[in-house]
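The values are calculated or read from the model by the stated rules, or taken from the named source; none is laboratory data. All of these numbers come straight from a predicted model, not from anything done at the bench. Ideal geometry is used to build each Cβ from the backbone, glycine not excepted, and the neighbour counts take in all protein chains shown.
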Amino acid sequence: MNISMKLNTRKITAILLLSITSIFSSFAEEGMLIPSLIGAFEDDMKAMGMKLSAEDIYSVNNSSLKDAILHFGGGCTAELVSSQGLLLTNHHCGYSQIQSHSSLENNYLKNGFWAKNRSEELKNLGLTASRIVRIQDVTLAVLEGTKGLSQSSKLLKMQENIVILIDDAMRGNGYSADIKAFNYGNDFYMIVKETFDDVRLVGTPPNSIGKFGGDTDNWVWPRHTGDFSVFRVYANANNQPAGISDDNVPYKPLHFLPVSVKNRVPGEFTMIYGFPGSTEQHLTSENLRYIIDQERPARISMRDKSLSVINAGMRSSDLIRIQYSSKQARIANGWKKWIGQIGGLKTVNAIQIKLDREKKYNDMAATKTEWQETYGSVIKEMNELVTQYKDVDFGYSMAIEYLYVGPEVFKQARNLNLFLVNFNKFEKNGTLDAEIEKQIKGAKGFFKNYNADIDKEIFILLTEEYVKQVGDGPLPERLKNTSAQDLADKIFKKSILTDEARFVKFMNKLKAKSIKKLQKKDLGFILWADANDKFRSEILPGIRTYKGAMNQLLKTYVKGRMVMFPEEKMWPDANSTMRITYGKLEGSAPIDGMAYTEHTTLKGIIAKNNSDNPDYELLPRMRELAKKKDYGSYAQDGELWVCFTGSNHTTGGNSGSPVIDAEGNLMGLNFDRTWESTMSDYMFDASRCRNIAVDIRYVLWVMDRYSGAKHLVDEMVLVK
């Protein structure tokens, strides 16, 4: 970047910070803030009780809180809590790793696991943890040289600029870099990160703690879930990222979070630092209406049917429970969230709120000719676009539920197809035998956690529901003309995709001729191929056109909000980049006549366990310690806090995020929202939206008193 560009960038950033400060002067809870701009909010945060400086929170030149916050597995957040790379995240974030190491002989899901020393810590192929090095506004640099160009030429020039910027950022340092659009392309930020590939499982509580409450309590308050797991980041001898190796040593972080065991005070300052996944705060009234009335109910119905089969299977067998626990959690999480979203949006009359906001926007646009010309029709165009493409969007959503979330036979078909399309290449370069071995090894992992009877039931129910929901939409002829039962009987009796022995036999005798036979005779593969062809040829083009057109309109709409309402609060939708949100430790009163306190205690765990609900099962040790009130040094006023709520704006991806107190100490691990809060992906209501965290003192108690892993607590710096 040239000198003049740097000066211009600083000038623009200074103006942006000045305007943001005034915009946020009277708000605290809503918004997911870009850490590099946190200085604009320092005064407001300090007015709420924060003792830190903006430099303490985010700094490029010095160590800061930023350096203790890691992107865990690409979908969750984790935090470093010791000088030896000890890492905390949610139990559900580490669940697939916990599950992969579990067996009937070593049932870590049921009994928990705690490494007594470094040699017992378990390696996890493919698991990563990334530290953000810096976040840089590169809007001017991305747009350099694009003035006056056509749209297609502009996009090409922007891409050229992005490639140069990324190359410069990565040169000679071992980092990776990416440039993401914010505010639908009104702004661009470069994210430079350092990714660690050796992240080992150190400990996990049993499911009776880590998943306490199960589906019954998911997204619901009061909550009593010890949703945490413990990992450790490893690096090479130079403290740099390296592949998994016995030669690696624990990573020495630039910063790690001290752990607060102080008493909590309702109303005290809280801050969450993490990687929220996605929000859509700018949807129009018609878009929200479509989601509430059609899209979400249909997806819920699809998952109802999958869960009815999986839940029954898990209740019938310990083996099935191990095989399907992680899958069930993934499916159920979205299912219950969507139910809460619909309820919350209807309760606050979200569509009417949108209509009122749209009128306000249009009325303001009408006050100036230039505004009317630029912004006056954008809301109308967005609503009309939704009406035009909602059938396309609905077909896409149903296909995702059927082909990607539904029967696992389709997952196996998809994986096999990726191999088959490269068959000739493997044969020519002499790697075919090695690739076949990879497929066989992968299949063994797949079938280890697969039950064909369960998948057959899911296939029948979801095929029937998919055909019913899509109606006259793009369906393969076989789905239109053959009953789901007949298809299932043939597929699960003969397909290589549903039986390990048949699959391995096919791979061991693989030739070009057998591939052609598979493509003509194996009904499981044929059905997936037909459905996939329909998806790619008739659904994806339409959805891409729709999303592309809507994003352009949203870019104009958001720009209009910035221009016409400079005094109003504005923040970029979450996009899996690092963000900060702040609020207070507080309860809520989302339902008439009912108030939620801000915390729960161990007493609530025992009370729930006294019911017959299997989601509240405990291992005997929990009741023994509770009866003795053996809380160690982790109690407050004679009670052991388990979870608490705060008025912090969170979403998916914030799972595992640290809840940080006014001094920068770790208070707890964010893991959920109240059911009334799930609407916050679309609309945040400060009076009812609350995040849920497990209190770090309960985490320490489970490690120390319950599990006998005090050596891990001793690694941390406790603040009393």
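For the reader, a short list of remarks on this structure follows.
- The residues of the range 576-616 that are under 30 Å from D178 (Cα atoms) and either assigned by TED's automatic domain parsing to the domain that holds G340 or among the hydroxyl-bearing types (S, T, Y) (or both), listed by number, are S576, T577, T581, Y582.
- Filtered residue count, the range 572-602, keeping only those that are over 30 Å from Q281 (Cα atoms) and surrounded by fewer than 14 Cβ atoms within 10 Å (Cβ to Cβ): 0
- Extreme residue, nearest to E586 (Cα to Cα), among residues of the range 675-720 that are aromatic (F, W, Y) and outside any loop (DSSP other than H, G, I, E, B): W675
For (1) farther than 28 Å from Q97 by Cα; (2) at pLDDT below 95; (3) surrounded by 13 or more Cβ atoms within 10 Å (Cβ to Cβ), each residue gets a yes or a no:
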site: I454; (1), (2), (3): no, no, yes
site: A484; (1), (2), (3): yes, no, yes
site: K493; (1), (2), (3): yes, no, no
site: E500; (1), (2), (3): no, no, yes
site: L510; (1), (2), (3): yes, yes, yes
site: K520; (1), (2), (3): yes, yes, no
site: G524; (1), (2), (3): yes, no, yes
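- Residues of the range 446-485 that turn out to be in a loop (DSSP other than H, G, I, E, B) and not polar (S, T, N, Q), as a count: 7
- Where a residue in the range 199-219 is among the acidic types (D, E) and its partner, wherever it lies, is crowded, with 22+ Cβ neighbours inside 10 Å and modelled with pLDDT of 95 or more, with Cβ under 6 Å and at least six apart: D217/R223
- Matching entry among E280, E295 (being assigned to a loop (DSSP other than H, G, I, E, B), of a type in the set (D, E, K, R) and either closer than 30 Å to Y557 by Cα or not assigned by TED's automatic domain parsing to the domain that holds L65 (or both)): E280
- A count restricted to the range 76-91 and to residues that are at negative phi and outside any strand (DSSP E or B) stands at 6.
- Within the range 682-714, the set of residues being at pLDDT 95 or above, of a type in the set (D, E, K, R) and surrounded by 17 or more Cβ atoms within 10 Å (Cβ to Cβ) comprises R690, D695, R697, D704, R705.
- Between G267, G274, the distinction of being in contact with a strand residue (DSSP E or B) (Cβ under 6 Å, 6 or more places away or on another chain), modelled with pLDDT of 95 or more and crowded, with 19+ Cβ neighbours inside 10 Å belongs to G274 only.
- Sole exception among (1) surrounded by 13 or more Cβ atoms within 10 Å (Cβ to Cβ); (2) assigned to a loop (DSSP other than H, G, I, E, B); (3) not aromatic (F, W, Y) for S130, by number: (2)
- Count of the range 35-58 residues, restricted to those that are part of a loop (DSSP other than H, G, I, E, B) and surrounded by fewer than 20 Cβ atoms within 10 Å (Cβ to Cβ), is 4.
- Residue within the range 240-251 that is among the charged types (D, E, K, R) and either part of a loop (DSSP other than H, G, I, E, B) or touching a His at 6+ places or on another chain (Cβ under 8 Å) (or both) present: yes
- Residue that is in a helix (DSSP H, G or I), among the small types (G, A, S), closer than 24 Å to I300 by Cβ and in the same structural domain as K505 (by TED's automatic domain parsing), where the choices are A443, A488, A434: A488
- Residues that are hydrophobic (A, V, I, L, M, F, W, C) and not assigned by TED's automatic domain parsing to the domain that holds R414 are absent from the range 531-540.
- Evaluating A662 against the criteria (1) assigned to a helix (DSSP H, G or I); (2) within 22 Å of E30 (Cα to Cα); (3) touching a Lys or Arg at 6+ places or on another chain (Cβ under 6 Å) leaves one unmet condition, (1).
- Pairing residues of the range 255-269 that are in contact (Cβ under 8 Å) with a residue 40 or more places away in the chain and not assigned by TED's automatic domain parsing to the domain that holds G664 with residues that are surrounded by 18 or more Cβ atoms within 10 Å (Cβ to Cβ) and basic (K, R), at Cβ distances under 8 Å and at least 6 apart in sequence or on separate chains, gives no pairs at all.
- Enumerated strands (runs of 3 or more DSSP E) restricted to the range 543-654, each holding at least 1 residues that are among the aromatic types (F, W, Y) and within 20 Å of P222 (Cβ to Cβ): 594-596, 641-646
- The range 106-125, subset in contact (Cβ under 8 Å) with a residue 40 or more places away in the chain and surrounded by fewer than 13 Cβ atoms within 10 Å (Cβ to Cβ), residue nearest to the chain's Cα centre (by Cα): L125
- The listed residue being assigned to a helix (DSSP H, G or I), among the hydrophobic types (A, V, I, L, M, F, W, C) and either in contact with a strand residue (DSSP E or B) (Cβ under 7 Å, 6 or more places away or on another chain) or within 28 Å of D393 (Cα to Cα) (or both), out of I515, I526: I526
- Single residue of L149, L165 found to be over 23 Å from W571 (Cβ atoms) and in a helix (DSSP H, G or I): L165
- Between Y634, Y616, the distinction of being at pLDDT 95 or above, out of contact with any Ser or Thr (no Cβ under 9 Å at 6 or more places or on another chain) and either under 20 Å from N90 (Cβ atoms) or of a type in the set (D, E) (or both) belongs to Y634 only.
- Of the residues contained in the range 61-70, one or more are found to be crowded, with 23+ Cβ neighbours inside 10 Å and closer than 17 Å to D198 by Cβ.
- Exactly one residue among I458, I543, I515 is buried (at least 19 other Cβ atoms within 10 Å of the Cβ) and of a type in the set (A, V, I, L, M, F, W, C), and that residue is I458.
- Condition met for R623 (farther than 25 Å from A595 by Cα and free of Cβ contacts under 8 Å to residues at least 24 places away in the same chain): yes
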